[in-house]
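A.B. asks: There's a structure below that I have some questions on.
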Amino acid sequence: MRDLSRRRLLTGSGSLIGAGLLGGCEAPALSRLASPYDWSNGLTFAVQRWLQRHQPLVREFGPESISAVFPTINTTDPDDPDYRRSKAIGFSDWRLPVSGLVDRPGAFSLSDLKAMPTRTQITLHSCEQGWSAIGGWTGVPLAHLLAQVGLKPAARFIVVRSVDGWWDSYDLFDALHPQTILAYGMNGGDLPVAHGAPVRLRVERQLGYKSLKYVSGIEAVERVDGFGKGRGSMVAELGFPWYAGI
Amino acid sequence: MSRAPRAEEPGPSLVHRHAAWVRLTHWLNAVAFLALAVSGVAILLALPRLFWGETGANGAPAALDLPLPVNLEQTGWGRNLHFLAAWVLVLNGIVYLIVAFVGGHFARDLVPDRDQLAPRHLAREIADHARLKPARGREALRYNALQKFAYLVVLFVLFPLMVLTGLTMSPGVTAAYPELFALFGGRQSARTLHFLVASLLVLFLVVHVAQVFVGGAGNLMRAMITGRFRVPPETTRKTLTETPDA
């Protein structure tokens, strides 16, 4: 019965809500309930998904609200030879491979992304360390890029990799949200290197660690348990929950 | 606490003071609160500075710099324990509130009796508190008015404020309920209030435990663990034994 309703929903409206709820039990937040923390973090995930069932947008601010201080943490200038070479020529040879469960895999240049529909959003960034700052982000909605390559119906998660070795995954509920963008601009200019140039992810309804910097690859998959230690993200292996809605 | 304490074995002065559900929810709450306090400090150490408004970070002016060492390594376990304990506290609190309302615990034991609100009575209570003089005899079978005020403030002001300011720091919850930001004046204001209200709760805990020692630690602890309370005999000086006029 679960499979039937899944097929009906996916082939029917293809709604974000359907995709989100169906992805639910396979999500890393719920698929592995070994410790008490897994249970409480899973409960947080389930309740927040229910609260967000109508796919609300986060608040957006005017340009006057942009913070003068916006910290940069973890990697601020990747120590990768290819990255350095690419940076030196203004990322003109940079390519973003999109692979996995898509009809038309491809690699997109920075100008390819900039030719796509643009979204600019000025939002509050919340870090797990406690600080928050308001920044303006310009980029292409991830949903648009995934539509370009033709997401297969079997795809449930989007795995995103970073130049610095970080990786994370997102269910379609978040990946297809209108404010989930691949940002190449910040506060009206190019995205600075310290903030993840040439392209970073913005996932506005979760903490900052889900908004990966230095995006180097995108892969659509059905399950994420084959990646890393099977916990859905690199930070989950360091004790930070896969779902970071609080 | 029952209205008409019944005499129990082995002595006539040993009464059934606290119902089993009160004792259970009390200790669950105690464990959850201690875990929240400890993990809350662990989280705070990543940024022991408090701000007002939406934003705040190192490099931006703080409203309050706490005299605590900075430690970025305690965030992972701190956050996991904090949210596990928060779920225990919230679910336990919901059970407590429902049973307390439906079962009449609030009306019977926590709402001050009419005689307790008389200025003369209150003045006497304050004087007795100042002299660390616990109630005896029949008066020891009900909470005193100051105690009732303290419990009601903790239950209906401080704990709700903790939960709401905590949720205001959640990008997932505020996506669905942005009103929370307006309620507290921004994410950093909510973080600051979360700390200040937590400090008041710790202050309550210190006074609460101190009062246990003033009132007789052995007797009061037994009452909260087994439910059985030995009524301290009346003294010749009738301190708090005015008959209720109702």
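A.B. asks: Reported to two decimal places, what Rg/Rh ratio describes the range A:58-238 when computed on Cα atoms with Rh from the Kirkwood expression?
C.D. replies: For the range A:58-238, the value is 0.94.
A.B. asks: How many lysine pairs are close in the range A:58-238, with Cα atoms under 19 Å apart and the two 8 or more places apart or on different chains?
C.D. replies: For the range A:58-238, the number of qualifying lysine pairs is 4.
A.B. asks: Show me the three semi-axes of the equivalent ellipsoid for the protein assembly as shown, from the C-alpha gyration tensor (sqrt of 5 times each eigenvalue), largest first, rounded to whole Å.
C.D. replies: 55, 24, 18
A.B. asks: Give the A-B buried accessible area in Å², both sides summed, 1.4 Å probe, nearest 100.
C.D. replies: Between A and B, the summed buried area is about 2800 Å².
A.B. asks: Need one value for B:68-81: mean number of C-beta atoms belonging to other chains within 10 Å of its residues' C-beta atoms.
C.D. replies: 3
A.B. asks: Just to check I understand the Karplus step: with θ = phi - 60° and J = 6.51 cos²θ - 1.76 cosθ + 1.60, what whole-Hz values come out for the range B:71-80, glycine and proline as x?
C.D. replies: My calculation for the range B:71-80 gives 8, 8, 8, 9, 5, x, 5, x, 5, 4 Hz in order.
A.B. asks: I've got another one for you. Using alpha carbons only, how many angstrom separate the centre of the range B:98-175 from the centre of the range A:192-239?
C.D. replies: Spelled out, the Cα-based centre of one part sits 47 Å from the other.
A.B. asks: Can you give the mean number of other chain Cβ atoms that lie within 10 Å of the Cβ atoms in peptide B:48-56?
C.D. replies: 4
A.B. asks: If the viscosity is 1.567 mPa s and the temperature 4 °C, what translational diffusion coefficient in µm²/s does Stokes-Einstein give for the range B:81-154 when Rh comes from Kirkwood over Cα pairs?
C.D. replies: Once the numbers are plugged in, D ends up at 91 µm²/s.
A.B. asks: Residues in the range A:40-73, backbone N under 16 Å from the label point at residue B:163 (7 Å along the Cα-to-beta-carbon vector): list them, ranges by number please.
C.D. replies: Only A:44, A:47-48, A:51 pass the distance filter.
A.B. asks: Okay, moving on. Could you pull the accessible area for residue A:47 with a 1.4 Å probe, rounded to 10 Å²?
C.D. replies: 50
A.B. asks: Could you state the accessible area per residue of the range A:58-238 in Å², with a 1.4 Å probe and every protein chain left in place?
C.D. replies: Heavy-atom SASA per residue in the range A:58-238 reads 37 Å².
A.B. asks: Please state the equivalent ellipsoid semi-axes for the range B:110-246: what are the square roots of 5 times the Cα gyration tensor eigenvalues, largest first, in whole Å?
C.D. replies: 38, 17, 13
A.B. asks: Okay, moving on. If I model the range A:40-104 as equal point scatterers sitting on the Cα atoms and use the Debye formula, what is log10 I(q)/I(0) at q = 0.13, 0.22, 0.29 Å⁻¹?
C.D. replies: Each listed q corresponds, in turn, to -0.93, -0.94, -1.14.
A.B. asks: Per residue of A:119-130, what is the mean number of Cβ atoms on other protein chains within 10 angstrom of that residue's Cβ?
C.D. replies: Per residue, the number of nearby Cβ atoms from other chains is 5 on average.
A.B. asks: Per residue, how big is the convex hull of chain B when only Cα atoms are used? Give it in Å³.
C.D. replies: Measuring per residue, one finds 163 Å³ for the Cα hull of chain B.
A.B. asks: Hey, another quick one. Rounded to the nearest 10 degrees, what's the angle between the helix B:187-215 long axis and the longest principal axis of chain B, both from Cα atoms, 0 to 90?
C.D. replies: 30
A.B. asks: Mind checking the dipole of the range B:7-82: about its Cα centre, +1 per Lys or Arg Cβ, -1 per Asp or Glu Cβ, Debye to the nearest 20?
C.D. replies: Here the size comes out at about 40 debye.
A.B. asks: Compute the distribution of all C-alpha to C-alpha distances in the range B:14-64, in bins of 10 Å from 0, and list the percent of pairs in each, rounded to whole numbers.
C.D. replies: 20, 27, 21, 16, 11, 4, 0
A.B. asks: If you don't mind, there's one more thing I want to ask. Picking from B:168, B:192, B:55, which is most flexible by a Gaussian network model of chain B using Cα springs under 10 Å?
C.D. replies: With Cα springs under 10 Å in chain B, the top fluctuation among B:168, B:192, B:55 is at B:55.
A.B. asks: Would you kindly find the accessible area of residue A:174, with a 1.4 Å probe and non-protein molecules such as ligands, DNA and RNA excluded, rounding to the nearest 10 Å²?
C.D. replies: Residue A:174 has an accessible surface of roughly 10 Å² with all protein chains in place.
A.B. asks: Of the listed peptides A:214-225, B:97-108, what is their order by residue-averaged count of other C-beta atoms within 10 Å, with the highest listed first?
C.D. replies: Result, highest mean Cβ count within 10 Å first: A:214-225, B:97-108.
A.B. asks: Round to a whole number: what % of the accessible area of the protein assembly as shown belongs to carbon and sulfur, probe 1.4 Å?
C.D. replies: Whole-percent figure for carbon plus sulfur exposure: 65.
A.B. asks: Let me ask something else. Skipping prolines and chain starts, which residues have an amide H placed within reach, meaning under 5 Å, of the one on residue A:99, given they are 5 or more residues away or on another chain?
C.D. replies: When sequence neighbours closer than 5 places are left aside, the close amide H contacts are A:218, A:219, A:220.
A.B. asks: With only Lys, Arg, Asp and Glu charged, each at its Cβ (+1 for the first two, -1 for the last two), find how big the charge dipole of the protein assembly as shown is about the Cα centre; round to the nearest 20 debye.
C.D. replies: Dipole about the Cα centre, nearest 20: 1340 debye.
A.B. asks: Which of A:56, A:78, A:178 moves the most in a Gaussian network model of chain A with Cα springs under 10 Å?
C.D. replies: Of A:56, A:78, A:178, the Gaussian network model singles out A:56 as fluctuating most.
A.B. asks: Next up: Taking the Cα centre as origin and putting +1 on Lys and Arg beta-carbons and -1 on Asp and Glu beta-carbons, what dipole magnitude results for chain B, to the nearest 20 debye?
C.D. replies: 680
The values are calculated or read from the model by the stated rules, or taken from the named source; none is laboratory data. A quick note: this is a predicted structure, and the numbers were derived from the prediction, not measured. Using ideal geometry, Cβ is built from the backbone for each residue, glycine included, and neighbour counts are taken over all protein chains shown. Keep in mind that these areas ignore ligands, DNA and RNA; they rest on the heavy atoms of the full protein, side chains included. Shrake-Rupley method; radii C 1.70, N 1.55, O 1.52, S 1.80 Å.
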